[in-house]
Amino acid sequence: MKHLLSIEDLSAAEIHALLELTDHMVEISNRPIPKVPALRGRNVVSLFFEDSTRTRTSFDTAAKRLSADTMNFAVSSSSVNKGESLRDTIETISAMGVDAFVVRHKSSGAPQLITQWTDASIVNAGDGWHQHPTQALLDCYTIRTGLDRRDGFDGLQIAIVGDVKHSRVARSDVQAFARLGARVTLVAPRTLLPPSLDGWPVEVCHRLDDVVADVDVLYMLRVQRERMDDGLLPSLAEYSTHFGLDERRAARLAPHALVMHPGPMNRGVEMVIDPAHLPGSRILQQVANGVAVRMAVLFTLLGQGAEHNLRGEAS
Amino acid sequence: MKHLLSIEDLSAAEIHALLELTDHMVEISNRPIPKVPALRGRNVVSLFFEDSTRTRTSFDTAAKRLSADTMNFAVSSSSVNKGESLRDTIETISAMGVDAFVVRHKSSGAPQLITQWTDASIVNAGDGWHQHPTQALLDCYTIRTGLDRRDGFDGLQIAIVGDVKHSRVARSDVQAFARLGARVTLVAPRTLLPPSLDGWPVEVCHRLDDVVADVDVLYMLRVQRERMDDGLLPSLAEYSTHFGLDERRAARLAPHALVMHPGPMNRGVEMVIDPAHLPGSRILQQVANGVAVRMAVLFTLLGQGAEHNLRGEAS
Amino acid sequence: MKHLLSIEDLSAAEIHALLELTDHMVEISNRPIPKVPALRGRNVVSLFFEDSTRTRTSFDTAAKRLSADTMNFAVSSSSVNKGESLRDTIETISAMGVDAFVVRHKSSGAPQLITQWTDASIVNAGDGWHQHPTQALLDCYTIRTGLDRRDGFDGLQIAIVGDVKHSRVARSDVQAFARLGARVTLVAPRTLLPPSLDGWPVEVCHRLDDVVADVDVLYMLRVQRERMDDGLLPSLAEYSTHFGLDERRAARLAPHALVMHPGPMNRGVEMVIDPAHLPGSRILQQVANGVAVRMAVLFTLLGQGAEHNLRGEAS
């Protein structure tokens, strides 16, 4: 494995292998000194063309726990703004000695494009509406541990609720959940679904009330205010009435059901109930798992030959 | 000690203990390799809702000398700007594994509030007009070493000059100096004093000329241009005439008297004389002591059980 | 050597010594773990009053390979913006314990000025139109290895093409190339040459076509759009026609000739041909060499007594 660009590139066996390695990364993260020398001397550069402090911080923390050096290439103050091409930027930073780029970009396919211009590994940290594979992996890990499903998701019912159309999280999650065997239902108004779902391994439902009692996992997506300006939503209040998780709907969840959200939440819109009052909420667990999953991804891409260094302590 | 929120929470004995530990941190800072492994694997996150490169850099340097990992959570590009609540931000970053947050916020009490949402230690690095406890500790340390007062400040005369009303530094300093036994005089125009001084262990004077010859420590506060716009000052020039430290007043200082300032200075306003020409100036010493005091604070909050690592060298 | 301010301060022997040390730094950079403990505990602060992610990243990478601590003092959010003087800023950061400042500033001479206010070493990373000495050193290193000229540049023909007038790179390169023995020709329209070239060890030519077939090194400078607004250039297209490197001119280069550029390139202006199609292009090699040269500079300034640590591995 050289790059992580899309969940599509991963077989079920590869996903399982990453999740098993994540178990080990969780163990490292729980040590008094949560650090191993596995990627000492490796240089991980984050290259975020869209701001995301949360995702960048998660990758940074993951890289540091493996003793990699990290660098944040601040696009806003770089030559990109002097009209330098993306290709020249990548070739230039690469020439300084980079082992992996963690890339977020507003254009679908940008991380794939970048692989042509560098020998470094590329991790897609979100590209347009296309993919966000580490989010899908951390979501799988959260379900796997939360419902004790080490062998796969056969028979699990997962509902993904909200703005699927504009969501790279939804696209990655659908593929990953389905590949592990789950049955996925998209729950959204028609305006927030893609024009075609050909080839998507999903069912569709337009009423949250119809599915809420039957799911093992309720995955709530963030709804963005811009959708009203686009004319896709009459109002956030109306969205919330039909698709928000409120107390009434939460009471209908099965006792074992998990509630998940990729963050940041819109309280009062898709999350009406305070998740602190939801025993099934795994929202903060997702964040914690995100660091461990990203450790597993970085180690898989960069750690060949350093497996013994996962055992020892950082010096 | 779990948090450092306010000088009010510290007894004289606790302040003395921190200052004694600071002695050791100064010794470490003067080594050829000024680094110990005391906080290896600990993660210190600075969370500055108000810009302050100076204070952030001081905490960063302190954390690195103790071998902690440091992370700067850039509020301006974070989800805080997408409307995420402070609570969700804190809970999310916490979930990634944070041992201490160093928090600066424009609202008094924000660091206290944050303690509810995380298991991490909170260090208040300045909240509104309320408190700036590490500044007070470094000021105490500077007086303690500058006037050789290891046993306390009994009998010392300290004047704090300037915009006390809007100053968290003044509030923290008054409490700390008084707790160690000093007599504190506030010197300011009425418009720059709080409406009530009930419970403040201070005397008040409206003329700097009346006290300048009698003080052991002259502590000059920064006066901000905004105070003129607020109508609290007729002009900076007039302020400077009455409350600025010029050559004439400097000549009346006792030979042993210290001159201090929390920075950044307004040259030509409260500091008319160049402090480089003031033998009693400890302004740069305050900055140097700031790093050592913050090492002592971070170690006190996070270093339980790692005392032996204060002795050895960083590996 | 305490500071690196200008190529003028370096003798040919000193330049050669830095380039020889760079050989060793290249060897370190090519190791599986490209890191030595040579500057452990040293604190290198970058202080960029002009944005340059590329140069800052290069210095950062260099410092980290030597195990120095690095800090980026973000001028834009610092007290400099509250009206603090440059001197107070430098004195304050210095007091926290800084071993070297890497300074970029729009004013010629700013790094020299700063040496008065701190005991730290100063590395000039570009000041106005004046100097950019590490760029000149990396350019020398690139020529030295690219043309196998370990003993000097005697007899080499180097053309520097473009906006010499506003270029610190050109000023530093001319001095360095000449000091090592090369014959330097400036190729530019009259409006982009300095009003006087008294004392410059150069020849001048106003037609690129006259020299392109005869050079060992063709050094293309970046042309900035602002020059049109200044009235110094009629149009970028016209500049490109006369001074751009296109296929026709590239075909006239000697087979061994090197093509260099300090970056970022303006494709379609001074670089019309894609450098990926130029076998003589050393543009990315320059970037890679930049890290190694900066390692050599930082070690020369800060590494006295730590020579043995250049050999071992970072712990």
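Rule-based calculations on the coordinates, nothing more; no lab input. Since this is a predicted model, take the numbers as computed values, not measurements. Virtual Cβ from ideal backbone geometry, glycine too; neighbours counted across all protein chains shown.
Summary of computed values
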{"item": "Where trypsin sites (Lys or Arg not before Pro) in DSSP loops with at most 13 other Cβ within 10 Å are excluded, longest remaining stretch of chain C", "result": "C:3-105"}
{"item": "Phi-based couplings in Hz for the stretch A:30-40 (Karplus 6.51, -1.76, 1.60; Gly and Pro marked x)", "result": "8, 5, x, 10, x, 8, 10, x, 4, 10, 4"}
{"item": "Shielding by partners, peptide C:51-64 (average Cβ within 10 angstrom, other chains)", "result": "5"}
{"item": "Span from the the stretch A:163-202 Cα centroid across to the the stretch B:189-245 one, whole angstrom", "result": "64"}
{"item": "For residues of A:282-295, the mean tally of beta carbons on other chains within 10 Å", "result": "2"}
{"item": "Computed over chain B: relative contact order in percent, which uses C-alpha pairs under 8 Å that are six or more apart", "result": "22"}
{"item": "Under Karplus coefficients 6.51, -1.76 and 1.60, residue-wise ³J(HN,Hα) of the stretch A:142-157 in Hz, glycine/proline x", "result": "5, 5, 4, 7, x, 10, 6, 10, 5, 9, x, 10, 3, x, 6, 9"}
{"item": "Quotient of C-alpha Rg and 2.2 N^0.38 Å, computed over the stretch A:210-306", "result": "1.34"}
{"item": "The protein assembly as shown pair-distance distribution - Cα-Cα, 20 Å bins, rounded %", "result": "13, 39, 35, 13, 0"}
{"item": "Neighbouring partner chain Cβ atoms per residue of A:92-102, average, 10 Å criterion", "result": "5"}
{"item": "Copies compared at residue B:307 - label distances in nm, ascending, label defined 7 Å from Cα in the Cβ direction", "result": "4.4, 4.4"}
{"item": "Per-pair calculated FRET efficiency, R0 = 51 Å: residue C:20 and residue B:24 via Cβ, rounded to 0.05", "result": "0.75"}
{"item": "Pseudo-label separations to other copies for residue C:242 - Cα-to-Cβ vector, 7 Å, nm", "result": "6.6, 6.6"}
{"item": "Fraction of beta bridges assigned by DSSP in the protein assembly as shown that are antiparallel (%, nearest 5)", "result": "5"}
{"item": "Net charge of Cβ neighbours under 12 Å - reference residue C:176; Lys, Arg +1; Asp, Glu -1", "result": "-2"}
{"item": "Dimensionless Rg ratio for the stretch C:134-282, taking C-alpha atoms and the 2.2 N^0.38 Å reference", "result": "0.96"}
{"item": "About the Cα centre, charge dipole magnitude for the protein assembly as shown (Lys/Arg +1, Asp/Glu -1 at Cβ), debye", "result": "440"}
{"item": "Contact order relative to length of the stretch B:169-215, as percent, for alpha carbon pairs under 8 angstrom and 6 or more apart", "result": "38"}
{"item": "Sites residue C:228 and residue B:119 - FRET efficiency at Förster radius 56 Å, r taken between beta-carbons, to 0.05", "result": "0.45"}
{"item": "Long-range HN-HN contacts of residue B:4 with modeled amide H, under 5 Å", "result": "B:122, B:123, B:124"}
{"item": "Angle between chain C longest axis and helix C:86-95 axis [Cα atoms, degrees, rounded to 10]", "result": "50"}
{"item": "Sum of side-chain charges, residue C:228 neighbourhood, beta-carbon under 12 Å (Lys, Arg +1; Asp, Glu -1)", "result": "-3"}
{"item": "Among A:3, A:262, A:308 - extreme Cα towards positive end, dipole of chain A, charges at beta-carbon", "result": "A:308"}
{"item": "Nearest-ten-degree value, helix B:12-29 long axis tilted from longest Cα axis of chain B", "result": "70"}
{"item": "Kirkwood Rh and Cα Rg combined as Rg/Rh, chain A", "result": "0.97"}
{"item": "All lysines inside 22 Å of residue A:64 as judged from Cα atoms, apart from same-chain residues fewer than 8 positions distant", "result": "A:2, A:35, B:35, B:64, C:35, C:64"}
{"item": "Inter-copy label distances at residue A:119 (7 Å, Cα→Cβ; nm, one decimal)", "result": "4.4, 4.4"}
{"item": "Distance between modelled label sites at residue C:238 and residue C:154, nm, 7 Å Cα→Cβ extension", "result": "4.5"}
{"item": "Note, ³J(HN,Hα) from phi for the stretch A:275-286, Karplus 6.51, -1.76, 1.60, rounded to Hz, x at Gly and Pro", "result": "x, 4, 9, 10, x, x, 5, 10, 5, 6, 4, 4"}
{"item": "Radius of gyration and maximum dimension Dmax of the stretch B:1-123, Cα, Å", "result": "15.3, 47"}
{"item": "Other-chain or far-sequence residues with amide H under 5 Å of residue A:258's (modelled H)", "result": "A:217, A:218"}
